[in-house]
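Accompanying notes for the structure given below.
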Amino acid sequence: MRILAIETSCDDTSVSIVRDGQWVESLVVSSQIKAHQRFGGVVPELAARMHTETVHYLLPKCLAEAGRTWSEIDAIAVTTNPGLEGSLIIGVTVAKTLAMTLNKPIIPVNHITGHICSIFLDNPKPIVFPLVALVVSGGHTQLWTGNTIQTVKLLSETRDDAAGEAFDKVARLLGLPYPGGPTIESRAKLGQPTRFKLPEPLRHSPLEFSFSGLKTAVANCIQQQSPLTESDINDICAAFQQTVISTLLRKVTVAVNHSQAATVAIVGGVAANRTLLHNATEIFSSINVMAPPIKYCTDNAAMIAAAAHFCGSQVPLNTIRVGCAC
Ligand SMILES: Nc1ncnc2c1ncn2[C@@H]1O[C@H](COP(=O)(O)OP(=O)(O)OP(=O)(O)O)[C@@H](O)[C@H]1O
Ligand SMILES: [Mg+2]
């Protein structure tokens, strides 16, 4: 089964062709980061407009890179939620138009299911269940667990900010560019994590996350230290990153014990943080620990095709709308 998927839930326009939910024949992504950078975050109206300007040339590019024609595509998949409404509408409208004119089945996909299914992409090894999936992205921080990919259930999530959002907000406080995660990770490598003491949020709550207080603690630290030198910035990045990682992995430990997990998967944009993956591998040395290659961590349509293959089902065209895949 060869699926062409479209992802437009936030600020990346992406189209991908994936065979059997696993083998990526092509993946094209047009990032809007530069357009949003000067605002310090994603501007929804601008994001939607940019999807309309980009998606039409990504479709033929994706087919050409895969060396495929429309007749070789078995189904169209599209992200229908969660995400920015104006952005989702563009992808959904394009997918419906393609399905209707080409007479193809259409499969609605939940973006978070997509992040979880990114573990299958270009991965020849079978996933051993039970699985604990830590979804850490710009808008979500969640723990999922299950004995099969089709039956994973939400175990816990953040009460307020997502981990990726915290990286972005802290970067902004430090005058570092958007998105904050990659810059904070590289500045943290140059810093000393123990110089500044930051509180570990909700330390005594076994599974729930919270990151808004940590962001405030960083703001206070910056205020006390101001004006900041480059080495202060490196040290704050190191302390912040270490606190986020130890908070995440403390809750993952509870989830692993609770579900007797054989695999821990870290997915979503923050999974691109290789210090997080390295620390997880050290802590969970007796079970499988994995994160997808970086190109499949941040938003991409290949993971949407994987989710459509493993977890999705075809629905009538007239029932597809924003918000319809749960
Ligand atoms: N190396 C990194 N370290 C930490 N965070 C990172 C790294 N690379 C990217 N990120 C963070 O990942 C986030 C983007 O991830 P992703 O594209 O999955 O989020 P999103 O799609 O905006 O949110 P969601 O998937 O919840 O809708 C940003 O917040 C970014 O700062
Ligand atoms: Mg995402």
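The values are calculated or read from the model by the stated rules, or taken from the named source; none is laboratory data. Everything numeric here is computed off the predicted structure, so don't read it as measured data. Positions of Cβ are backbone-derived with ideal geometry, glycine not excepted, and every protein chain shown enters the neighbour counts. Accessible surface areas use protein heavy atoms only, side chains included; no ligands, DNA or RNA. Shrake-Rupley method; radii C 1.70, N 1.55, O 1.52, S 1.80 Å.
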Please verify whether the stretch 299-307 includes one or more residues that are open to solvent by 50 Å² or more (accessible area, probe 1.4 Å) and more than 30 Å from residue 184 (Cβ to Cβ).
-> no
Can you tell me which residue within the stretch 32-72, out of those that are among the β-branched types (Val, Ile, Thr) and more than 15 Å from residue 2 (Cα to Cα), is most open to solvent (accessible area, probe 1.4 Å)?
-> 52
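Could you list all residues from the stretch 181-193 that are assigned to a helix (DSSP H, G or I) and either open to solvent by 40 Å² or more (accessible area, probe 1.4 Å) or under 27 Å from residue 307 (Cα atoms) (or both)?
Taking the stretch 181-193 first, the residues assigned to a helix (DSSP H, G or I) are 181-189.
Correct list: 181, 182, 186, 187, 189.
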Applying the selection to the stretch 109-124, what residues are crowded, with 23+ Cβ neighbours inside 10 Å and away from ligand 2 (no atom under 16 Å from the Cβ)?
-> 120
Would the stretch 302-319 turn up any residue that is part of a helix (DSSP H, G or I), within 15 Å of ligand 2 (Cβ to nearest atom) and outside the structural domain of residue 91 (by TED's automatic domain parsing)?
-> no
Do you know which of the residues in the stretch 157-180 that are under 26 Å from residue 288 (Cα atoms) and either hydrophobic (A, V, I, L, M, F, W, C) or open to solvent by less than 20 Å² (accessible area, probe 1.4 Å) (or both) is farthest from ligand 2 (Cβ to nearest atom)?
-> 163
In the stretch 262-287, anything away from ligand 2 (no atom under 13 Å from the Cβ) and either closer than 22 Å to residue 162 by Cβ or not assigned by TED's automatic domain parsing to the domain that holds residue 157 (or both) is listed as 264, 265, 266, 273, 274, 275, 276, 277, 278, 279, 280, 283
Note on the stretch 102-125: residues away from ligand 1 (no atom under 16 Å from the Cβ), touching a helix residue (DSSP H, G or I) at 6+ places or on another chain (Cβ under 6 Å) and not aromatic (Phe, Trp, Tyr) are 102, 106, 107
Regarding residue 154, is this residue surrounded by fewer than 21 Cβ atoms within 10 Å (Cβ to Cβ) and either assigned by TED's automatic domain parsing to the domain that holds residue 40 or on the phi > 0 side of the Ramachandran plot (or both)?
-> no
Residue satisfying all of: in the stretch 4-31; in contact with a Leu (Cβ under 9 Å, 6 or more places away or on another chain) and closer than 20 Å to residue 140 by Cα; surrounded by the most Cβ atoms within 10 Å (Cβ to Cβ) among these = 8
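When residues of the stretch 290-324 are filtered for being more than 17 Å from the chain's Cα centre (by Cα) and on the phi < 0 side of the Ramachandran plot, how many remain?
First, the residues of the stretch 290-324 that are more than 17 Å from the chain's Cα centre (by Cα): 309-324.
Narrowing the set further to residues that are on the phi < 0 side of the Ramachandran plot leaves 309-322, 324.
Residues in the stretch 290-324 being more than 17 Å from the chain's Cα centre (by Cα) and on the phi < 0 side of the Ramachandran plot: 15 in total.
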Working carefully through the options 136, 132, find the one that is away from ligand 2 (no atom under 15 Å from the Cβ) and either within 28 Å of residue 287 (Cβ to Cβ) or open to solvent by 10 Å² or more (accessible area, probe 1.4 Å) (or both).
-> 132
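Condition first: of a type outside the set (Gly, Ala, Ser), open to solvent by less than 50 Å² (accessible area, probe 1.4 Å) and assigned to a helix (DSSP H, G or I). Can you find one or more residues in the stretch 290-298 that meet it?
Here is the first cut: in the stretch 290-298, the ones of a type outside the set (Gly, Ala, Ser) are 290, 292-298.
From what is left, the residues that are open to solvent by less than 50 Å² (accessible area, probe 1.4 Å) are 290, 292, 296-297.
Cutting the leftovers down to assigned to a helix (DSSP H, G or I) gives us 296.
Within the stretch 290-298, one or more residues are of a type outside the set (Gly, Ala, Ser), open to solvent by less than 50 Å² (accessible area, probe 1.4 Å) and assigned to a helix (DSSP H, G or I).
Can you go through 243, 275, 253, 263 and tell me which one is over 15 Å from residue 193 (Cβ atoms) and open to solvent by 10 Å² or more (accessible area, probe 1.4 Å)? Break it down into steps so the answer makes sense when it comes.
Values: 243 fails: over 15 Å from residue 193 (Cβ atoms); 275 fails: over 15 Å from residue 193 (Cβ atoms); 263 fails: open to solvent by 10 Å² or more (accessible area, probe 1.4 Å).
So the residue among 243, 275, 253, 263 that is over 15 Å from residue 193 (Cβ atoms) and open to solvent by 10 Å² or more (accessible area, probe 1.4 Å) is 253.
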Only one of (1) aliphatic (A, V, I, L, M); (2) in contact with a helix residue (DSSP H, G or I) (Cβ under 8 Å, 6 or more places away or on another chain); (3) more than 14 Å from ligand 1 (Cβ to nearest atom) does not apply to residue 173, and that is (3)
